[in-house]
1. With Ala243, Ala286, Ala278, Ala229 as the choices, which residue is under 15 Å from Pro200 (Cα atoms), among the aliphatic types (A, V, I, L, M), at pLDDT 95 or above and assigned to a helix (DSSP H, G or I)?
2. Using the structure shown, decide if Phe413 is in a loop (DSSP other than H, G, I, E, B) and within 25 Å of Ile339 (Cβ to Cβ).
3. Residue by residue through segment 419-449, note down the ones that are surrounded by fewer than 24 Cβ atoms within 10 Å (Cβ to Cβ) and either part of a helix (DSSP H, G or I) or of a type in the set (Ser, Thr, Tyr) (or both).
4. When only residues in segment 212-225 that are closer than 17 Å to Phe443 by Cβ and buried (at least 24 other Cβ atoms within 10 Å of the Cβ) count, which is farthest from the chain's Cα centre (by Cα)?
5. Write out, first by first residue and then by second, each pair whose Cβ atoms fall under 7 Å of each other, whose residues are 6+ apart or on separate chains, and whose first residue, in segment 165-189, is outside the structural domain of Gly408 (by TED's automatic domain parsing) and modelled with pLDDT of 95 or more while the second is among the acidic types (Asp, Glu) and not in a helix (DSSP H, G or I).
6. Those residues that are more than 15 Å from Leu309 (Cβ to Cβ), of a type in the set (Val, Ile, Thr) and part of a helix (DSSP H, G or I), I need them from segment 330-373; list them, please.
7. Mind checking which residues of segment 56-82 are under 28 Å from Thr148 (Cβ atoms) and free of Cβ contacts under 8 Å to residues at least 60 places away in the same chain?
8. Test of understanding: among Ala62, Ala43, Ala34, which residue is crowded, with 20+ Cβ neighbours inside 10 Å, assigned to a helix (DSSP H, G or I) and in contact with a Pro (Cβ under 6 Å, 6 or more places away or on another chain)?
Amino acid sequence: MHDGRHLGLWSVAELAAAYRSRDVSPVEVNATVAARIAELEPAVNALADRSPDLVAAAERAAAASERRFAAGMPLGPLDGIPVTVKENLARAGVPLRSGSAGATPRVPSADSPVVERFSAAGAVLVGTTTMPDWGMLSSGVSSLYGITRSPLDPTLTVGGSSAGAGAAAAGGYGPIHIGTDIGGSIRLPATWLGLVGHKPSYGRVPLEAPYLGRVAGPITRTVGDTAAAMAVVSGHDPRDWTALPAAQLDWSLAEVSVDGLRVALLLDSGAGMPCDPALREVTEAAGRLFERGGAHVEVIAPWLTDATLTALDAFWRMRLWADLEVLSSEARERVLPYIRQWAEAGAETSGVQTLRNYQATLALRGATVAATTAYDLVLSPVAPVSAFPAEWPMPWGDDPAEGMAHIGFTVPFSMSGQPSCAVPMGRREDGREIGVQLSGRRFDDVGVLRAATWLETAWPTSVT
């Protein structure tokens, strides 16, 4: 134990230091995490795969790490660190099931770049994590896995679609949990669970199966752990045709400052659900804190419109319907009803309208860059609402007609490819977590994380 925390809640830096001093061993940490998983999983349901083969592989990896530390030859900062990856990040020979009981599993022949890099760094993969059907919900409701629940309060959602990743991070299954995000799927679980969730720049972390706006990135308990993860999983890989060129980035977070930064305060997304005043107030308070730190802060007008958000939702419906349409009727019936109904609404969309919806998505990319290019950072709420009941597929319940009304703050930065990080800001009076979103210039992941660690440190000293 350390300050009353079990080993699964230790940070990367704390574990690495304890490994080097031989005060704690990777085998001991893996066993502690395994016990934590056994304790919480019946209620939380964060893991898609905790098979005997994976458990045995984790034990072997922890033992190999322990031998390297004993020889004074660790592979790096993540050697022996427990990690998880989302179910849709490929592992060789393990079926990818897209979180759905109706999906046709695909068996990859090779590990995804993220899994490959974790293995090369000596990290210990303790499980893969759940997601809703095809990742198209902001909750942990899945026809395949059931309901993933918050370790903080099992009656509440974990968010999604990186549902299990968020639950694993909040539950203490180790320091680093990699999710994916195409409209908010890393940042929404993070903000509803009191965690840090970083959506990297588009192409910063290579993928096995790239797609417009899709990224992989970490959900952690601290910005420092996020930076440690990014230092390993980011970087060019020729298998990803969207991957950014190789770059030597300094992921250190020491001696950070926001003095002189230009910060835009986005308090209204311009579309979708109205923002809860309590969440807006916390964002305004964070803005005042940046001002006291020497930043120049000004409110900016929203650029997202309801028409654009509707077009994006319609394009995604058609995209998923293309996958569902080829399934047998029996398989389609196994898909989560909400997802099936949501996608079926796109079945009658014409090719011309689909192209127009795609063009609206690209226009949002341009509009976001244009609206924010004068600023170093954009500070906003992450979501317009706080965590909702775990059984609800979406923040409003189970009506697919609402589309994507909750992603007005997150999706612009997904489409623009800009780095965007959810940072926890404490709890509201009813105990639910509150966070803010820091979004940066294109490709400036390091700048975003340095501002995030500054806010993480400064926030407890002043919240008004």
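The values are calculated or read from the model by the stated rules, or taken from the named source; none is laboratory data. Given the structure is predicted, the values throughout are model-derived calculations rather than measurements. As a convention, Cβ positions derive from the backbone with ideal geometry for all residues, glycine included, and neighbour counts pool all protein chains shown.
1. Working: Ala243 fails: assigned to a helix (DSSP H, G or I); Ala286 fails: under 15 Å from Pro200 (Cα atoms); Ala278 fails: under 15 Å from Pro200 (Cα atoms).
Every option except Ala229 fails the conditions.
2. Details: in a loop (DSSP other than H, G, I, E, B): no; within 25 Å of Ile339 (Cβ to Cβ): yes.
It is false that Phe413 is in a loop (DSSP other than H, G, I, E, B) and within 25 Å of Ile339 (Cβ to Cβ).
3. Val446, Gly447, listed by residue number.
4. Out of the qualifying residues, it is Val215.
5. Close Cβ pairs satisfying both conditions: Arg187/Asp181.
6. Residues satisfying the conditions are Ile339, Val352, Thr354, Val369, Thr372.
7. Listed by number, the residues that qualify are Ala56, Glu59, Arg60.
8. Numbers: Ala43 fails: crowded, with 20+ Cβ neighbours inside 10 Å; Ala34 fails: in contact with a Pro (Cβ under 6 Å, 6 or more places away or on another chain).
Exactly one of Ala62, Ala43, Ala34 is crowded, with 20+ Cβ neighbours inside 10 Å, assigned to a helix (DSSP H, G or I) and in contact with a Pro (Cβ under 6 Å, 6 or more places away or on another chain), namely Ala62.
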